[in-house]
Amino acid sequence: MKRIRHLLVKELTQIRRDPRLLGILMVVPVIQLMVLGFAANVDVREITLGVRDNDHSPASREFTRALGASGWFRVTALTGPAGADGAQLVAGRLGLVAVIPAGFGQQLTRGAPASVQALVDGADSNFAVQGVAYLQRAARLFSERQVRVVAAAAGPGAALPQVVAETRVWYNPDLLSRWFMVPALMGVLLLVTTMIVSSMALVKEREEGTMEQLLVTPLRPLELIVGKLLPFVFIGFVVVTLSLPVMCFVFGVPLRGGVPLLYLGSGIFLLTTLGLGVFISTLVHTQQQAMLIAVFFVMLPFVLLSGFIFPVENMPPFIQVVAHGIPLKYFLTIVRGIFLKGVGLDVLWRDALILLLWGVGILGLATLKFRKRLD
């Protein structure tokens, strides 16, 4: 016990003498608990609902107002061509589309059931299931109010109106959560296999004393970084290549988009992961510190705030601002769009551009900081 006590004192002294490690071990978990506690919410609220009113009757307008007043939807009136509704679902600007057919008001007046068609983005099965349930509940509440109004006006025995929501799910008809989660796992694997390993590899050179041997060579700092990172680029593309048959044949996830676009998006994402790896290596002195910073500061926030598990739209506004600065969020949009929706660069160009700017920026910053540290 005496030897153990001396060892314990030595370890505590070592931690106390390293303020950065002490902060990572004690302060960061508390901060993440506070931040991620708000983000860990699987309930779907404030769904963007597009309503196409083909009836333009008082009953259809009242039904639209009832949807907005339910508290579950942000209602947007659709006035353009009906063919554009699907494009807005693909782009993610709408979560659901409710189509009120012509004759909706007349059906209610006669006391016959009136149907409303609902188009749902089923790429996220949890979102689709809850969105459809909210729409059906709102329709039922509207029907109950109409029944009370008609019964009070016409008396007993009158035909009572009823609204029925007929749902059609797009992109994931069976609402399989596996189709939503498995493509995103590839992004997380790229993040783990490239960022963490690259950050530790550069620190390892410094720990073993071989960095000085590299510095006496004619290699410039930029050439040194490129030479160290290229193997991890190759590893990243190997991960994508090995993941494709597993996702398609083992899990049955459909690949509706183009494979070249998938590799292009993965290459852009690798700029961010490798840039983060180099940047982390300039902040630490040991591989243990590199691992801790990579896991606590990058891995957990990226996975939990990127929409990998919890929808970004459900998070508080200040957490959403943080989430929009996470590159994994944009890569997940690209991967899920390619696999489930079959969209191209005409839809995904904004996410790809943000990801490219993020990657070039962090890689450039990491290169400058690495060069300054070598100097």
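Say whether the condition of being at pLDDT 85 or above and in contact with a Lys or Arg (Cβ under 6 Å, 6 or more places away or on another chain) is met by at least one residue in the stretch 295-308. Yes, some residue in the stretch 295-308 is at pLDDT 85 or above and in contact with a Lys or Arg (Cβ under 6 Å, 6 or more places away or on another chain). In the stretch 113-149, the residue that is surrounded by the most Cβ atoms within 10 Å (Cβ to Cβ) out of those that are over 28 Å from LEU340 (Cα atoms) and hydrophobic (A, V, I, L, M, F, W, C) is ALA114. Scanning the stretch 293-300 finds no residues that are surrounded by 21 or more Cβ atoms within 10 Å (Cβ to Cβ) and over 16 Å from VAL192 (Cβ atoms). In the stretch 263-286, the count of residues that are out of contact with any Cys (no Cβ under 7 Å at 6 or more places or on another chain), part of a loop (DSSP other than H, G, I, E, B) and modelled with pLDDT of 85 or more is zero.
When the stretch 91-106 is filtered for residues that are within 18 Å of GLY307 (Cα to Cα), buried (at least 20 other Cβ atoms within 10 Å of the Cβ) and not small (Gly, Ala, Ser), only LEU94 remains. Residues in the stretch 53-63 that are out of contact with any Phe, Trp or Tyr (no Cβ under 8 Å at 6 or more places or on another chain) and surrounded by 18 or more Cβ atoms within 10 Å (Cβ to Cβ): ASP53 only. When ARG256 is tested against (1) surrounded by fewer than 19 Cβ atoms within 10 Å (Cβ to Cβ); (2) outside any helix (DSSP H, G or I); (3) in contact with a helix residue (DSSP H, G or I) (Cβ under 8 Å, 6 or more places away or on another chain); (4) modelled with pLDDT under 85, exactly one condition is not met: (4).
The values are calculated or read from the model by the stated rules, or taken from the named source; none is laboratory data. All figures in this text were calculated on a predicted structure; none of them were measured in a lab. Heads up, the Cβs are rebuilt from the backbone with ideal geometry, glycines too, and the neighbour counts pull from every protein chain shown.
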